[in-house]
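**Student:** Please see the structure below; I have some questions.
The values are calculated or read from the model by the stated rules, or taken from the named source; none is laboratory data. As the structure is a prediction and not an experimental result, all values here were calculated from the model. Cβ placement follows ideal geometry from the backbone for every residue including glycine, while neighbour counts extend to all protein chains displayed.
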Amino acid sequence: MSRSFHATHAARSRLEREDFSDAAVKERRIGRIRAELRQKRKTKRSARHVRRRAGHAPTPVAAIPVRATDRSPFVHHPADEEDVRELLRRLPRGVTDGLAGVALRLGLAASEELAAEDGYEPERDPFTGRASSPLHPGVWGGRLLGRYRPWAAEIELFAFVFDSARPDADLWMPLLRAEALATLAHEVAHHHDHGCRVARGRWIAGHEEAVERHAEAMQHRWTHEIVLPYLRERYPDAVARLERWVERHGGITLPLEEMVDDPRATGRGGLLHATQALFSMRQAFTWLAEGVARGEPAWRTKLSFAAGLRINDRFHDALRVIEGVLRERPDQREALVQRAELLMYLGRHDQALALAAGLVTGDAACREAWRVAMRSAMALRRWRAALHAADELVRIAEVEDQAVTLALLDRAEVRLAAGDVAGARADLARAEAQGWPGTSLFRRIRRRIAAAESGHEEADRRGRRVCRGWWW
């Protein structure tokens, strides 16, 4: 990454005075210069900050103050002062040099600031009124779990809110401690990055996506190398209790190490990984716990947990749960549908297609089974079977008056893969009449139709990769 900036205010002023035949082109060029000037200012501020803090002597962990505030029967810091200090002690030497302190706070102001920036009316916990989100049954976390304040060289960790009198209040403590200490590791990475890595020219601190990717990578590494081994060492009974609970109600043995989410969500251009951003293992545990709290039968809670594992791309684990349910209830239809979907995601298309065919024989309106049949048949290049399944999906959508547009686009994909360009264009036209013509789904199919008509079709690449993950 280049660290040279050639934009100047004089260049921007000259460009603003020039005449352009296209005003939009002029505005784009001025916008690029303004963006580079903003980046230049960030870099200069970062360099000044690094120079001011350069030469700090090593900071003993014992000398770093750890302060807890805002304690109440509802405000909890699962990782206490001793946990925080022990993690700081176990981190690589030098990464905490210059750290002025760690503050354990409720984070009321920080949550309100974030809600104001995002421009939305937040959900609030029933105990403190903080802008929060429900994490586990009865447990609330702020929109921010922590932050690093570079001007003060201080880390803030924000509390979880729940009623400590709940019967299951301590069940989730291993996961809450893991989240709190993983957040601490993330913020320490920001501290070290801000004070040391930038000084060596590794990248510019103003490039926020690069800084965030580094912090997420170090959080992931330190969580598995330091945080989780420490929790097993200090809290073995609590960890074992949680693992037994998941095995009993979820139908699978999962160690704590596989219960935590992967924090590496930031991609190039600041884009977020869909699974990490929209779904999480926390959501899977929430569905499981809510089912148990409602008193649902064991097979039902296991199906909910399997669905949570599936949306986290944990296909093998989800299949183990489903097969356990089917051993006890071999004719349970929902479990059979989930098994067919998982076989498809795992690339076992012959098995998935056979199972889906049996399901639609008993229920011709089973949308999920027809979708499995369509995708698996496409992967196996059985175009007649794929088109028959796509026709059925369109028929069901029209009868139920639901998702007709998506069904038509699915059939257009099948027809393109099978070489029926005219049929694909007809489905696209019908879908455009339904709505959403400007979305990426439409644009992708238009491009493929144009490529097919010009003789440059991509050898039904979509047909080969369609079965890995979600379509939309």
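**Student:** Quickly run through the stretch 299-329 and pick out the residues that are over 16 Å from residue 245 (Cα atoms), part of a helix (DSSP H, G or I) and of a type in the set (D, E, K, R).
**Tutor:** 310, 317, 320, 323, 327, 328
**Student:** From the list 369, 365, which residue is surrounded by 15 or more Cβ atoms within 10 Å (Cβ to Cβ), in contact (Cβ under 8 Å) with a residue 24 or more places away in the chain and of a type outside the set (Lys, Arg)?
**Tutor:** The unique qualifying residue is 369.
**Student:** Of all residues in the stretch 70-111, which are more than 23 Å from residue 222 (Cα to Cα), assigned to a helix (DSSP H, G or I) and in contact with a strand residue (DSSP E or B) (Cβ under 9 Å, 6 or more places away or on another chain)?
**Tutor:** Correct list: 108, 110, 111.
**Student:** If the Cβ limit is 6 Å and pairs must be 6+ apart or interchain, which residue in the stretch 232-243 that is outside the structural domain of residue 82 (by TED's automatic domain parsing) pairs with which residue that is in a loop (DSSP other than H, G, I, E, B) and surrounded by 15 or more Cβ atoms within 10 Å (Cβ to Cβ)?
**Tutor:** Every condition considered, no pair remains.
**Student:** Follow-up. Can you tell me which residues in the stretch 347-379 are out of contact with any Leu (no Cβ under 7 Å at 6 or more places or on another chain) and outside any helix (DSSP H, G or I)?
**Tutor:** 347, 348, 363, 364, 365 - these are the residues of the stretch 347-379 that are out of contact with any Leu (no Cβ under 7 Å at 6 or more places or on another chain) and outside any helix (DSSP H, G or I).
**Student:** Does the stretch 139-146 contain any residue that is β-branched (Val, Ile, Thr), assigned to a strand (DSSP E or B) and touching a strand residue (DSSP E or B) at 6+ places or on another chain (Cβ under 9 Å)?
**Tutor:** Within the stretch 139-146, one or more residues are β-branched (Val, Ile, Thr), assigned to a strand (DSSP E or B) and touching a strand residue (DSSP E or B) at 6+ places or on another chain (Cβ under 9 Å).
**Student:** Only one of (1) modelled with pLDDT under 95; (2) surrounded by fewer than 16 Cβ atoms within 10 Å (Cβ to Cβ); (3) not assigned by TED's automatic domain parsing to the domain that holds residue 135 is not met by residue 217, so which one is it?
**Tutor:** All conditions are met except number (3).
**Student:** Residues of the stretch 215-264 being outside any helix (DSSP H, G or I) and either under 18 Å from residue 80 (Cα atoms) or of a type in the set (Lys, Arg) (or both), which ones?
**Tutor:** 235, 264
**Student:** Can you confirm whether the stretch 301-321 contains a residue that is of a type in the set (Val, Ile, Thr), within 27 Å of the chain's Cα centre (by Cα) and surrounded by fewer than 21 Cβ atoms within 10 Å (Cβ to Cβ)?
**Tutor:** Within the stretch 301-321, one or more residues are of a type in the set (Val, Ile, Thr), within 27 Å of the chain's Cα centre (by Cα) and surrounded by fewer than 21 Cβ atoms within 10 Å (Cβ to Cβ).
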